[in-house]
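Undergrad: Got a structure for you, questions after.
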Amino acid sequence: MTGTQRELLMDERAVQRAIARMAHEIVERNQGVSNLSIIGIQRRGVQLSERIATEIERVEGVRPPVGTLDITLYRDDLTTIGPRPVLGETRLPEGGIDGRTLVIVDDVCYTGRTTRAALDELADFGRPDRIYLCVLIDRGGRELPIQPDIVGRTIAVRADQVVEVLVPEIDGRSGVELTTRGQGA
């Protein structure tokens, strides 16, 4: 088999339903929206966190503060990225993180290393009361003992497959695709 195969796992409507479900679960776990902040991991976690905050606001009438986190300098493989890694913005939610309940939002949970880096970075900024991990896709394959608390969809993925979350702001459309790399003949 040669080439690359793509399979649509979630279309735009399925992604929106998952986001709505995750937003409701966040509110339930936090028993409301008080003291709640949401932080999206660069890149696609940022767009997902904005959608989750919008859904919470739609249902609860209050929008939780939203921030962004760029974990690039906290990665344990930084030396393999190259001499000039591209950095995104880290912007803490209004009011900071001390004593708050934080929801870290990422697109895909795989090895757990991105989450570990996010936790390390957040520790440099303060001490939240509680942190939840919310991901659109849990594909399994952990290398660290980190598990998401809130999941849009869990799928079994082989090592030769890649899960791609698509967001309109970056990709021009919303969805989740599974890419399988073919073997050369």
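Undergrad: When the chain is modelled as a GNM with alpha-carbon springs shorter than 10 Å, which of I150, I170, I131 fluctuates the most?
TA: Comparing I150, I170, I131 in the GNM, the peak value goes to I170.
Undergrad: Shape verdict for the chain, please, from the Cα gyration tensor: rounded (a/c under 1.5), prolate (a/b greater than b/c) or oblate.
TA: oblate
Undergrad: What ranking, highest mean first, results for peptides 90-96, 132-138 when packing means the other Cβ atoms within 10 Å averaged over each residue?
TA: Top to bottom by mean Cβ count within 10 Å: 132-138, 90-96.
Undergrad: Treating the beta-carbon of each Lys and Arg as +1 and of each Asp and Glu as -1, no other charges, what is the dipole magnitude of the stretch 1-140 about its Cα centre, to the nearest 20 debye?
TA: That gives a dipole near 180 debye.
Undergrad: So what J values fall out for the stretch 151-166 if you push phi through Karplus, 6.51 cos²θ - 1.76 cosθ + 1.60 with θ = phi - 60°, rounded to Hz, Gly and Pro as x?
TA: Each residue of the stretch 151-166 in turn: 10, x, 7, 9, 9, 8, 10, 6, 5, 8, 10, 10, 9, 10, 8, 10 Hz.
Where a number appears in this text, it was derived from the coordinates with a stated rule and is not lab data. This one's a predicted model, so the numbers in the text were calculated from it and none came from an experiment. In this analysis, Cβ positions are derived from the backbone assuming ideal geometry, glycine residues included, and neighbour counts consider all displayed protein chains.
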